Amino acid sequence: MNIKERLLKESESDFQKFSASLIPNIDNVLGVRLPKLRKIANEIYKSSDWQKFLIQNKFEYMEEIMLQGMVIGLIKQNPEEILKYIKNFIPKIDNWAVCDSFCNSLKFTKQNKKLVWDFIQPYFTSENEYDKRFGYVMLLEYFITDDYLDEVLKLIDKFKDERYYAQMAVSWALSICFIKYPQKTLKYLRISRLDDWTFNKGISKICESLRVDKDTKTMLKCLKRR
């Protein structure tokens, strides 16, 4: 399978322009929709070349990197082996789209919570913006649960970074915490040490949710820092 030719065939010019406008820090977006990418990833994984594909490092298009992340999410080997592939992939993340599609692909996390929890801890204190985003998007995807909520809120409170895509991941995680666990998260919001920008953005994202009632949104807006 010539993957690059396949991607070029599946690309859409209008979607390319739309995607490129949402990912301003890169200029190699082809414009292939996620369902098509996931279909191609499945085909790669079913082929005999998937391991060879994952060790490639020189790509022309963002979607080629996204495909690597999606293929990793399909691996059925033991969890420790999957984590090795994940560790090798993370340095390739250079934008939010690759990060978020990758995290969403790592469904094996649901059956290996403790193992993955321990694995992602170093990324919360990394100097790299997208390492941090990876950590916090993994939190909001898999760990906002009864067992992990308290630890998630602690990690949110420890967040220190002024870079946009890291901050946005934390505000997004905070909003999911509130939507799933409003009372506990409200208690946290009243004592939060988060920087003002991330704190306020988290409240804005909560207020965007259709799952939060009007009166609650009014109350939350009063918590915003001026």
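So here's what we get for this one:
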item	result
Residue satisfying all of: in segment 1-25; among the aliphatic types (A, V, I, L, M) and in contact with a helix residue (DSSP H, G or I) (Cβ under 6 Å, 6 or more places away or on another chain); nearest to residue 102 (Cα to Cα) among these	23
Residue match in segment 50-67 (condition: part of a helix (DSSP H, G or I), touching a Leu at 6+ places or on another chain (Cβ under 9 Å) and β-branched (Val, Ile, Thr))	no
Some residue of segment 212-220 being outside any loop (DSSP other than H, G, I, E, B), in the same structural domain as residue 132 (by TED's automatic domain parsing) and within 19 Å of residue 143 (Cα to Cα)	no
Output for segment 169-221, where each listed residue is buried (at least 18 other Cβ atoms within 10 Å of the Cβ) and of a type in the set (S, T, N, Q)	171, 175, 185, 192, 198
Checklist (1) part of a helix (DSSP H, G or I); (2) over 22 Å from residue 108 (Cα atoms) applied to residue 136, failing item	(2)
Any hit, segment 29-39, residues being among the small types (Gly, Ala, Ser) and farther than 23 Å from residue 135 by Cβ	yes
Which numbered condition residue 166 fails, given (1) farther than 17 Å from residue 141 by Cβ; (2) buried (at least 17 other Cβ atoms within 10 Å of the Cβ); (3) touching an Asp or Glu at 6+ places or on another chain (Cβ under 7 Å)	(1)
Filtered residue count, segment 43-95, keeping only those that are touching a Ser or Thr at 6+ places or on another chain (Cβ under 8 Å), crowded, with 18+ Cβ neighbours inside 10 Å and farther than 20 Å from residue 8 by Cβ	2
Set 86, 75: member being more than 16 Å from the chain's Cα centre (by Cα) and either at pLDDT below 95 or aliphatic (A, V, I, L, M) (or both)	75
Segment 69-109, residues that are among the hydrophobic types (A, V, I, L, M, F, W, C), within 18 Å of residue 55 (Cβ to Cβ) and in a helix (DSSP H, G or I)	70, 71, 72, 74, 82, 83, 86, 89, 90, 98, 102
Residue match in segment 68-82 (condition: in contact with a helix residue (DSSP H, G or I) (Cβ under 8 Å, 6 or more places away or on another chain) and touching a residue at least 40 places away in the same chain (Cβ under 8 Å))	no
Qualifying residue in segment 21-34 (condition: under 20 Å from the mean Cα position of the chain (by Cα), within 28 Å of residue 77 (Cβ to Cβ) and not in a loop (DSSP other than H, G, I, E, B))	yes
Some residue of segment 142-161 being part of a helix (DSSP H, G or I) and of a type in the set (S, T, N, Q)	no
Any hit, segment 116-126, residues being within 17 Å of the chain's Cα centre (by Cα) and of a type in the set (A, V, I, L, M)	yes
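The values are calculated or read from the model by the stated rules, or taken from the named source; none is laboratory data. Since the structure is predicted, the reported quantities are computational estimates derived from the model, not experimental observations. As a convention, Cβ positions derive from the backbone with ideal geometry for all residues, glycine included, and neighbour counts pool all protein chains shown.
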